[in-house]
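The structure under discussion appears below in the form of structure tokens.
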Amino acid sequence: MPEITARNATERTIVNTASGLRLFPILAVVAFLSLNLLLVGNMGSANEVDVLPLAKQFASPNWMPKDWYLNQPPSYRLLFQSIFGWLAEQWGFLATSISGRLLSYGLVASGLVSIARRLNLSLPLLLLAISLFLAKQSVAADEWLISALEAKSLAYGFVLLAIDLMLAGRYLWMAGLFGIATSFHVLVGGWAFLTALGWLALKPNLRLQGIRRFGLILLCYLVGSIFALQAISQQLFSSTSISVIAPSFIYVFLRLPHHLYPFAWSSKAWIAIAFYLIVFGASVTVLRYQRSDSYPAQMKLAEFTVISLVPFVLGLAIAPFDSEGKLLQYYPFRFGDVMLPLSTALLFVCAVKQIFDRKGRRVLMLVSVLILSAILTVQSFNFKDKLLNLQQFPNVQQEISSEWKELCAWVNRNTAKDAVLLVPPDSWFAAFTWLTERSTVVNFKLLPQTKTGIIDWYQRLDDLSGRTVLQQAVSKRTLGGWNLSLAINAAYLKLTTPQVKALMTQYKANYLVTKVSHRLALPVAYRNQNYIVYTKRS
């Protein structure tokens, strides 16, 4: 008996040690990502300022029942809002941002570490590849895989885990994880799953292994994506009231051309595409001629990446002809835009490793450790500064000036809970809602995800800009984006007193917030160095 007990204790120790050794690389990658990204712009210019207040309103409908945007249908964010709405209500936005980012980093780290094991990359080389990827996560369409907390950051984590299962040949579990990714973000998970299906269909020894096998894969995917099915159905089959402008045109050309319209990309984007394709091709060539035990996994990842670029190429082909954005609205560039730089970074490091002999690889490992040490030293100091800045949260990290913060504090203290305010519609002012906990009319950054909501968003912005800027942009087919946001805001700052009174009546607004240079014949409720609040009450 004592011998059996001792043997069992030894076996448990071995198992625990092995588990710890498997967990350590994941924790190391999470720590590395956190030093880079965890405290960068929480509730700032990224989409947290959009998605977390939406989630809180979904969980707590009485928070701001009069706010038009916050009471939009959840659309594809149903699962995300169900989870993080409760957290935002209980913990507040900052704690939810940090904890949610850590969760997404954990998912991404688990996927990357698993993929790296199949590629036979050590932890230092994996961290070096991650550093290369973080330097530029997108080749052209401004997509990103990991940064702030939103639905797609979680979806990408499940996508990476699914890719690892694909490399291992576990296709049913792979499909289920792609489905979960789709439940968090329809387009991220959807494009990734279609890429995997394309990869399976092109493998001569697989061919989806018959109709029955394909049916099981599809069933696993549908089960995982159950939270997205309603949003998909509404997008494909819902209609809108007759409008002079299509929701897809507004979405693609006025709001998001930097993501969706190749002719809006800068020359640097095209150079980046060429650069990554060259490095990717060179890395694959080296790996083909310098084969190792991990060669099959390396080629599978390369093939998957090439197939992910098929929608990207098709998007380029249809862009000149899709004048209404009917197809471009589905982000054909999204998945390939991050898979190319990610796979390039991983396969480039694999190729560099393969070039060296055993002695050279030890030198490569030493150089990698030295580079990572320098990076971590700089990141540690930056992280410390960001941590100290949280004492004044929100502040410049959130792109919030002291004057704007003072104004928001005044609004929160001195206006009725159900008050509605007209606020400058530029994206820079999107934080007003969560800072004041007061309802607003519209903001350029805060775009609904339903067809009806998009039309309403356009009409509200048109009203707040004097019905000139947007109509000119549509008639002249001018691309929108952030420059359009600035133009709309400039027109808002030129509204006359009669126009403002009409808008206050139309939207049942109690106050108007604007710059002090915007003179109106209305009672002043508050003023500081940069901003002024007018009220319609005499």
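Say R0 is 60 Å: what FRET efficiency, to the nearest 0.05, do Tyr295 and Ser60 get from their beta-carbon distance?
Details: r = 53 Å, r/R0 = 0.89.
Efficiency, rounded to the nearest 0.05: 0.65.
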(message) Helix 334-355 against the longest principal axis of the chain: what's the angle in degrees, Cα atoms only, rounded to the nearest 10?
(response) 30 degrees
(message) Run the reach check for Lys353 against lysines, Cα to Cα strictly under 30 Å, same-chain hits fewer than 8 apart removed. What comes back?
(response) Lys136, Lys203, Lys268, Lys300
(request) May I ask you to compute the full-extension gain from Ile226 to Ala521, defined as 0.36 nm times their residue separation minus their alpha-carbon distance, rounded to one decimal in nm? (result) 100.8 nm
(request) Given the peptides 161-168, 453-460, arrange them by the average over their residues of other C-beta atoms within 10 Å, most packed first. (result) 161-168, 453-460
(message) With the cut-off at 1.5 for a/c, could you classify segment 121-190 from its C-alpha gyration tensor as rounded, prolate or oblate?
(response) oblate
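Rounded, prolate or oblate: pick one for segment 132-281, where a ≥ b ≥ c are the square roots of the eigenvalues of its C-alpha gyration tensor, a/c under 1.5 means rounded, and failing that, prolate if a/b is larger than b/c, else oblate. Walk me through the numbers on the way to the answer.
Numbers: a/c = 1.91, a/b = 1.19, b/c = 1.60.
Cα axes put segment 132-281 in the oblate bin.
Assuming a ≥ b ≥ c are the square roots of the Cα gyration tensor eigenvalues, decide whether the chain counts as rounded (a/c under 1.5), prolate (otherwise, with a/b larger than b/c) or oblate.
On the way: a/c = 1.97, a/b = 1.64, b/c = 1.20.
Because a/c hits 1.5 or more and a/b exceeds b/c, the chain counts as prolate.
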(request) Order the peptides 504-514, 420-430 from the highest to the lowest mean number of other Cβ atoms within 10 Å of their residues. (result) 420-430, 504-514
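Only helical DSSP H runs with n ≥ 4 go in: add -39500 (n - 2.57) per run for the chain, normalise by residue count and round the 222 nm mean residue ellipticity to 500 deg cm²/dmol.
Values: 21 runs with 339 residues, N = 538.
It lands at -21000 deg cm²/dmol.
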(message) Let me check against my output: what whole-number percent is the relative contact order of the chain, with C-alpha pairs under 8 Å and at least 6 apart?
(response) 17 percent
(request) Can you tell me the 0 to 90 degree angle between the C-alpha axis of helix 482-492 and the longest principal axis of the chain, rounded to 10? (result) 10 degrees
(request) Can you spot the aspartates and glutamates whose alpha carbon is less than 18 Å from Lys494's alpha carbon? Ignore those fewer than 8 places along the same chain. (result) Asp426, Asp462, Asp463
(message) So if I take the centroid of the Cα atoms in segment 450-515 and the same for segment 26-84, what is the distance between those two points in Å?
(response) 26 Å
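Restricting everything to alpha-carbon atoms, can you work out Rg to Rh for segment 146-232 with a Kirkwood hydrodynamic radius? Working shown, then result.
Values: Rg = 12.5 Å, Rh = 12.7 Å.
So for segment 146-232, dividing Rg by the Kirkwood Rh gives 0.98.
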(message) Compute the angle between helix 358-389 and the longest alpha-carbon principal axis of the chain, please, reported from 0 to 90 degrees and rounded to the nearest 10.
(response) 30 degrees
(message) Based on Cα coordinates alone, diagonalise the gyration tensor for segment 461-513, multiply each eigenvalue by 5, take square roots, and list the semi-axes in whole Å, largest first.
(response) 23, 11, 9
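Can you give the extra length, in nm with one decimal, that the chain gains between Ala409 and Gln472 once fully stretched, where that is 0.36 nm per residue apart less the Cα-Cα distance? Don't skip to the answer; put the middle values down first.
Details: separation 63, 0.36 × 63 = 22.68 nm, distance 3.64 nm.
Length gained, Ala409 through Gln472: 19.0 nm.
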(message) For segment 350-428 and segment 320-344, what is the centre-to-centre distance using only Cα atoms, to the nearest Å?
(response) 27 Å
(request) Run through the DSSP bridge list for the chain and note the antiparallel percent, rounded to the nearest 5. (result) 65 percent
(message) Need one number: nm distance between label points at Leu366 and Thr505, each 7 Å from Cα along Cα→Cβ, rounded to one decimal.
(response) 8.1 nm
(request) Compare the peptides 434-446, 172-184 by average per-residue count of other Cβ atoms within 10 angstrom and give them in order, highest first. (result) 172-184, 434-446
(message) What is the distance in Å between the Cα centroid of segment 262-285 and that of segment 286-314?
(response) 16 Å
(request) Just subtract the alpha-carbon distance of Asn530 and Ala28 from 0.36 nm times their residue separation and send over the number in nm, one decimal. (result) 176.2 nm
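Read-outs throughout are calculated quantities, based only on the coordinates presented, and are distinct from any laboratory measurement. Note that the coordinates shown come from a computational prediction; the quantities given were computed from them, not determined experimentally. Cβ coordinates were reconstructed from backbone atoms using ideal geometry, including for glycine residues, and neighbour counts include every protein chain displayed.
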